[in-house]
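Take a look at the structure set out below.
The values are calculated or read from the model by the stated rules, or taken from the named source; none is laboratory data. Being a predicted model, the structure only gives us computed values, none of them experimental. Virtual Cβ from ideal backbone geometry, glycine too; neighbours counted across all protein chains shown.
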Ligand code: GLC
């Protein structure tokens, strides 16, 4: 639960087959590097057979590996090799919708009388009048597609190639539970569960112009279905984990999914920090709310600053010092941390010209660019042209170059991970916000204390591009353990000053 999980977008990590698309072989090649970095677990975005209309989030078989990524045997090897290095492995389970190429949907659309017809969401009508005003999340347009063959509309929250499954049919629920068991039996440690807050639906077709955001969800039914999923996971030994992508921008509603008393998800993403501005005031307010809401429930939070769905943190913040500070902030909060592959290299989004756009939502290609492991021209991939262009400055911002530079963000991330691992306070301790300081600029800084028994750490983050003063709590003679600005400050007494966008971890001297 106190893990740091490294998110891998498998198409983009590393290509070993020579087709320009990353693969399981590439993940296996990187395991030593990831163990060196010090993360605890890996989450792979979907690797299942798929026509790739949404790059794997359109699953055509929940129980196999797409040939572009490798084979089932290779996945087994990856699980074993990860475990040998003490790394857990999570897969990305996509329960809300399948691909239109999944045999279930092929059967469902073959005839109105097919036994699988009711596994999806159909509405009778006429081809020139969609059932109602519901919109898809992407691409822009209706959430309904007319099926010529059987003369009916089907519902899809995403692209027309991603028909939504009907979880109110018990056969669907049972079949999807079986897909979890398939992977749990093979030894995977758990799942990230794609839009798992959307599976329980209210299909009464009430008009709702906001369905592109909310979907026609029935929250109570959804919580019930998630409890069913948890029962499947709980039947397995070991620390198997269910991480929900409950994409709800409300702290209390997300926390309800991880209320220990309700036995639903173990963890759920909290996406709000992806959307509010990088200011001390916004962070203080958000941390205060999370600590209060999760504290009341006795629940464990999660933290994420990047993913395959949003421009990279370095691109959003627009500055190296702030991106370095963000890494220290992320890795010292109370909760499970998700680190998006490439953010440890301080990568920026690639600039993708219109003719190379791959993403059906059309804005996520930049953060999905291939990861450069070495200087050019192949960047440690094979010689094939990768499926997306390289991110900027790939000859300088790549793992091999940064591994030679103790001042790099890569080493900063590694040092912060090591500090977290070595300190019970940082790993699993309580967290309390420290009061705002006094004096000019004090409100530009957020500080918190982590404690576990005698172990204490203080984290101080400045959110401005100028130096700031900050008075450490008295009595401890604080020493800088990690500084996002320069490793030269580390191991020395804290002088009460922060450089531009600096974050420091302090330990009692
Ligand atoms: C989630 C995924 C996103 C995908 C969508 C549909 O939001 O993170 O990448 O496109 O679900 O499956």
Inset, instruction - Name the one entry in 44, 24 that is closer than 18 Å to residue 180 by Cβ, in contact (Cβ under 8 Å) with a residue 40 or more places away in the chain and assigned by TED's automatic domain parsing to the domain that holds residue 178. - result: 44
Legend entry - Qualifying position, being more than 16 Å from the ligand (Cβ to nearest atom) and either closer than 26 Å to residue 266 by Cα or crowded, with 17+ Cβ neighbours inside 10 Å (or both), among 331, 305: 331
Inset, instruction - Return the total of residues in the range 172-225 being loosely packed, with under 15 Cβ neighbours inside 10 Å, touching a strand residue (DSSP E or B) at 6+ places or on another chain (Cβ under 9 Å) and free of Cβ contacts under 8 Å to residues at least 60 places away in the same chain. - result: 1
Legend entry - Looking only at the range 362-376, and only at residues there that are within 16 Å of the ligand (Cβ to nearest atom) and surrounded by 15 or more Cβ atoms within 10 Å (Cβ to Cβ), the one that is farthest from residue 392 (Cα to Cα): 364
Inset, instruction - Could you look through the range 158-175, keep only residues that are within 16 Å of the ligand (Cβ to nearest atom) and touching a helix residue (DSSP H, G or I) at 6+ places or on another chain (Cβ under 6 Å), and pick out the one that is farthest from residue 136 (Cα to Cα)? - result: 167
Inset, instruction - Would you mind telling me which numbered condition in (1) more than 19 Å from residue 11 (Cβ to Cβ); (2) touching a helix residue (DSSP H, G or I) at 6+ places or on another chain (Cβ under 8 Å); (3) touching a residue at least 60 places away in the same chain (Cβ under 8 Å) residue 297 fails? - result: (3)
Legend entry - Those helices (runs of 4 or more DSSP H) lying entirely in the range 150-241 with at least 1 residues under 23 Å from residue 360 (Cβ atoms) and modelled with pLDDT under 95: 211-214
Legend entry - Selection from the range 236-272 of residues that are touching a helix residue (DSSP H, G or I) at 6+ places or on another chain (Cβ under 7 Å), within 16 Å of the ligand (Cβ to nearest atom) and farther than 21 Å from residue 181 by Cα: 246, 247, 248, 249, 257, 270, 272
Legend entry - Flag if residue 146 is more than 16 Å from the ligand (Cβ to nearest atom), closer than 24 Å to residue 126 by Cβ and touching a residue at least 12 places away in the same chain (Cβ under 8 Å): yes
Legend entry - Residue ID - nearest to residue 435 (Cα to Cα), chosen from residues in the range 464-498 that are touching a helix residue (DSSP H, G or I) at 6+ places or on another chain (Cβ under 6 Å) and outside any loop (DSSP other than H, G, I, E, B): 468
Inset, instruction - Please work out which residue is surrounded by the fewest Cβ atoms within 10 Å (Cβ to Cβ), limiting yourself to the range 8-39 and to residues that are out of contact with any helix residue (DSSP H, G or I) (no Cβ under 8 Å at 6 or more places or on another chain) and part of a helix (DSSP H, G or I). - result: 32
Legend entry - Answer from 334, 364 - the residue that is modelled with pLDDT of 95 or more, touching a strand residue (DSSP E or B) at 6+ places or on another chain (Cβ under 9 Å) and within 30 Å of residue 298 (Cα to Cα): 334
Inset, instruction - Return only the number of the condition from (1) away from the ligand (no atom under 16 Å from the Cβ); (2) in contact with a helix residue (DSSP H, G or I) (Cβ under 8 Å, 6 or more places away or on another chain) that residue 182 does not satisfy. - result: (2)
